[in-house]
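The values are calculated or read from the model by the stated rules, or taken from the named source; none is laboratory data. This is a predicted model, so every value here is computed, not measured. Cβ placement follows ideal geometry from the backbone for every residue including glycine, while neighbour counts extend to all protein chains displayed. Accessible surface areas use protein heavy atoms only, side chains included; no ligands, DNA or RNA. Shrake-Rupley method; radii C 1.70, N 1.55, O 1.52, S 1.80 Å.
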Amino acid sequence: MTIQIDRQQINDNSNDNGTSADKKGLIEPAELWQFSITSYQQIELQNELLGWQNSYDGNVNLALFCLYCDDLSIQISDQEMELLHQSISQFSRQFTQSIRINREAFKQQKAVLDKYDLLREHLIQAELLLEQQEQNTLCNLMNRDAAEYHSDVSEPDNWARYQALLLHSAPSVNSVHSSDTKGESSTR
């Protein structure tokens, strides 16, 4: 499935002076975060990204990073894509997904938690901080390995190539993760 991003809405909400990637050749975490917030508000995109997360162990932040690089006409090399996927997946499993799993467990037990709403809000804030760190890590890795990507590529197709990587590395359709622990993502 191809995602149709409302590029006009994203461009209207982005910095009118151009991105830092245009000016310095670097990808700025704050600009990626803003792009992600705006993009993730599109329900169709949100559902597709969560589908890839739930079915193929995809990382929503890496998917958004790929879409952002596509938007900037920056192509990520296959080697760099694999490195980004491995690095961010490891971090996410260790930290971000742990918070998400706890949030779901708390939701199941909310009847016995007097301050469930407050706990949930704090867990969401912790998850968002970890998601921001994931995006910072992606930017830092790409900026460190700037030679591994090419600017001004007419159709970089990073998102499609990330999907292909996920399809290739997926263990099997039978080992799809339950949407009970992964399906509800924090609000960006």
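Go through the residues of region 102-120 one by one and say whether even a single one is within 24 Å of Pro29 (Cα to Cα) and either in contact with a Gly (Cβ under 7 Å, 6 or more places away or on another chain) or surrounded by 14 or more Cβ atoms within 10 Å (Cβ to Cβ) (or both).
no
What is the number of the single condition among (1) more than 11 Å from the chain's Cα centre (by Cα); (2) under 15 Å from Leu138 (Cβ atoms); (3) not aromatic (Phe, Trp, Tyr) that Gln94 does not meet?
The single condition Gln94 does not satisfy is (2).
Restricting attention to region 36-71, and to residues there that are buried (at least 22 other Cβ atoms within 10 Å of the Cβ) and in a loop (DSSP other than H, G, I, E, B), which single residue is nearest to the chain's Cα centre (by Cα)?
Asn59
Residue check: is Leu123 within 19 Å of Phe35 (Cβ to Cβ) and either in contact (Cβ under 8 Å) with a residue 12 or more places away in the chain or open to solvent by 30 Å² or more (accessible area, probe 1.4 Å) (or both)?
No: the conditions fail for Leu123.
With a cut-off of at least 1 residues that are more than 26 Å from Tyr68 (Cβ to Cβ) and modelled with pLDDT of 90 or more, name the helices (runs of 4 or more DSSP H) lying wholly within region 100-188.
Here the list reads 116-144.
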